[in-house]
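Here's the structure we're looking at; comments come further down.
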Amino acid sequence: MTLKKERLIPFGQIQPGITEGQGSRGPSHGIQRDVVAALGTPLLVDGVTYKQALFIAPCDGWFIKEVWLSGAVSIAGGTNTLALDNYDKSGTAARNVLSTTNIDPVSITALQGLKLTLSTTLTDRYMDEGDVLNATLVCGTMTTDGEGYTITAVLVGPEID
């Protein structure tokens with residue numbers, strides 16, 4: 001049987017409690033989504049700041065569950081930082097997603113994923129419609145330039161009504 005696009009039933013129509021705006025406190029459960037993005041150019045450059053918008057919440061009720069970082073070649077030397085923020089559209093302010101202000105991306109082992117420690121302030125990890133998860137990687141003078149830095153964000157959210 002061949003289905004036409006207009007005949008597909010959104011999952012939220014058959015699974016109660018998963019659609020945005022349901023109940024007084026929002027949906028009771030959501031679907032996990034993984035977002036993968038490159039951080040910077042394939043070969044990182046000394047003295048450059050790389051900014052990346054990772055995810056835009058398409059509706060209320062999203063939660064940043066985990067964030068992972070890796071690189072094909074690890075940065076060595078220099079003063080380097082990685083910061084993650086959850087920009088609150090309604091509050092016009094950024095909330096820190098990490099447990100600290102930033103991390104040193106030198107701490108990763110090449111070709112292995114590093115699970116980042118996120119803020120225990122859960123409100124910093126909730127996202128409503130229009131909020132944006134951003135990453136900022138600042139590269140100092142590296143003795144070994146990083147290559148192929150990639151970030152993966154694991155988010156849980158409702159289906160769009």
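The values are calculated or read from the model by the stated rules, or taken from the named source; none is laboratory data. Just so you know, these numbers come straight off a predicted model, no measurement behind them. When we count neighbours, we look across all protein chains shown, and the Cβ atoms used for this are built from the backbone with ideal geometry, even at glycine.
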**OP:** Please list, ordered by first then second residue, the pairs with beta carbon atoms under 7 Å, 6 or more apart or interchain, first in the stretch 95-111 and among the polar types (S, T, N, Q), second in a strand (DSSP E or B) and at pLDDT 95 or above.
**Re:** 96/85; 99/118; 101/83; 102/81; 102/82; 102/83; 107/114
Original post:
Within the stretch 80-94, restricting attention to residues that are touching a residue at least 40 places away in the same chain (Cβ under 8 Å) and farther than 26 Å from residue 145 by Cβ, which residue is nearest to the chain's Cα centre (by Cα)?
Top reply: 86
Subject >> Within the stretch 52-67, considering residues that are surrounded by 15 or more Cβ atoms within 10 Å (Cβ to Cβ) and small (Gly, Ala, Ser), the one farthest from residue 19 (Cα to Cα) >> reply: 57
**OP:** Inspect the stretch 120-130 for any residue being over 26 Å from residue 17 (Cβ atoms), surrounded by 15 or more Cβ atoms within 10 Å (Cβ to Cβ) and not aromatic (Phe, Trp, Tyr) and give the result as yes or no.
**Re:** no
Original post:
In the stretch 147-156, is there at least one residue being among the hydroxyl-bearing types (Ser, Thr, Tyr), closer than 13 Å to residue 39 by Cβ and touching a Phe, Trp or Tyr at 6+ places or on another chain (Cβ under 6 Å)?
Top reply: yes
Original post:
Would you pick out the residues in the stretch 13-51 that are of a type in the set (Ser, Thr, Tyr), at pLDDT 95 or above and either surrounded by 12 or more Cβ atoms within 10 Å (Cβ to Cβ) or in contact with a Pro (Cβ under 6 Å, 6 or more places away or on another chain) (or both)?
Top reply: 41, 50
